[in-house]
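Written below as structure tokens is the structure these notes are about.
Throughout, read-outs are computed from the coordinates displayed, never taken from laboratory work. As the structure is a prediction and not an experimental result, all values here were calculated from the model. Cβ sites come from the backbone with ideal geometry, for glycine too, and all protein chains shown count toward neighbours.
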Amino acid sequence: MVSIRLSRHGTKKRPFYHIVVTDSRNPRDGRYLERVGFFDPLAALSDSSLRIDKERAGYWMSKGAKVSERVAMLMKHGSAESL
């Protein structure tokens, strides 16, 4: 099954997440099909803290991709800008 979820990057104590489309059997930071955005929790709600390509995420959801709880919350409450 294909899922849209977070993939952790960055250094120790400085997290940075890519929002990726991947097979649910792959490891968290493993191979992915497409990167559709990013989330920086330390950017403190600035313009550069969250960016999601809504068009591509919508495409994958129309193909049956399941969205993780955290990504769904970010898409709903965040001020996601299109790429």
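Some notes on this structure:
- Number of Lys-Lys pairs in region 2-77 with C-alpha atoms under 16 Å apart and a separation of 8 or more places or on different chains: 4.
- Placing unit charges on the Cβ atoms of the charged side chains and taking the dipole of the chain about its Cα centre, the candidate lying farthest along the positive direction among S62, T22, F38 is T22.
- The chain: relative contact order in percent, alpha carbon pairs under 8 Å with at least 6 residues between: 30 percent
- For the chain, fraction of C-alpha pairs farther apart than 20 Å, in %: 27 percent
- Fluctuation leader among S62, S24, S49 - the chain, Gaussian network, Cα springs under 10 angstrom: S62
- Neighbourhood net charge (14 Å Cβ-Cβ; Lys/Arg +1, Asp/Glu -1) for M61: +3
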